[in-house]
């Protein structure tokens with residue numbers, strides 16, 4: 001089984017090593033210490049930026065899938081009401097079958113919100129494998145040479161917190177590496193909080209009443225509390241270097257979700273009403289400006305100079321009077 005997993009992760013590890021080495025080369029060219037843990041941490045952050053940027057199209061598909069879930073929410077509610085109170089096995093199977101048929105017919109997937117996370121998991125475990133092999137001084141599968149691998153494996157923050165250490169390994173050291181434990185615990189808390197906030201803002205602000213009444217909403221409520229616990233327990237065994245990847249990815253997700261909810265909220269949700277209110281205020285301000293411009297008095301037209309009347313002497317004036325008679 002390990003050989004099969006290693007074979008499946010091989011191409012992902014090759015790409016990860018290539019990105020890490022590329023960022024490490026650029027950073028060292030700019031003058032950073034090639035052996036410093038900070039340099040490798042920045043390389044891991046660069047890896048996150050590349051991966052998450054590549055996942056933007058998948059994130060867009062996720063948003064579209066969530067929109068389709070909104071459209072089928074009333075139909076899901078009808079199926080749920082149809083079998084409400086029926087707990088026999090036949091009714092449960094019939095409800096499950098009709099629900100899956102509806103998903104298939106409309107092209108929706110209730111687990112679409114987990115797709116970016118599921119895609120990242122192989123990348124995450126590949127980075128874990130690269131760091132573990134680097135800790136042993138083993139050459140990478142791609143551009144990570146033996147020298148760079150040893151460099152990566154021996155890198156540490158502040159000179160006392162190795163990137164390959166975890167809470168579990170630091171607690172087993174003699175003496176106990178308190179610095180690693182403190183850094184790891186702080187990162188676990190931030191990761192857990194960021195994940196919880198991301199899910200909470202989706203459920204509290206970006207859900208319509210129809211979606212809150214659907215079975216999907218109940219699944220999301222379960223994930224709201226399960227995913228942070230996964231981060232909390234997983235953080236006990238993962239190295240600090242891998243946790244930097246996870247933390248940066250979580251922050252990206254939180255900011256990205258905030259921007260999407262603010263600018264492209266789910267119709268009928270609290271965020272949609274808030275956006276409409278902001279747009280109405282903008283239109284109102286623009287309307288006042290236009291009104292003020294319309295009420296501004298027009299610039300008076302420049303008066304054309306009247307033709308000057310030539311003075312007439314007395315004799316000529318008398319002749320003109322005589323002619324009139």
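Where a number appears in this text, it was derived from the coordinates with a stated rule and is not lab data. In this text the structure is predicted, and so the values were computed from the model without any measurement. With ideal geometry, Cβ positions are generated from the backbone for all residues, glycine too; neighbour counts draw on all protein chains shown.
For a quick protection proxy, order the peptides 46-58, 243-255 by their average other-Cβ count within 10 Å, most packed first.
Working: 46-58: 15.8, 243-255: 20.5.
Most protected by this proxy first, the peptides run 243-255, 46-58.
Region 17-56 gives an Rg/Rh value of 1.01, both radii derived from C-alpha positions and Rh following Kirkwood.
The alpha carbon convex hull volume per residue for region 1-110 rounds to 194 Å³.
Under the simplified labelling scheme, the residue 89-residue 29 pair shows an inter-label distance of 6.6 nm, with each label point 7 Å from Cα along Cα→Cβ. Counted over all Cα-Cα pairs of region 83-210, pairs farther apart than 25 Å make up 55 percent. Extension gain, residue 171 to residue 14: 0.36 nm times the residue separation minus the Cα-Cα distance gives 53.3 nm.
Reported to the nearest whole Å, the Cα centre-to-centre distance from region 151-175 to region 179-200 is 18. Among 181-193, 11-23, the peptide with the highest mean count of other Cβ atoms within 10 Å heads the list, and the full ranking is 11-23, 181-193.
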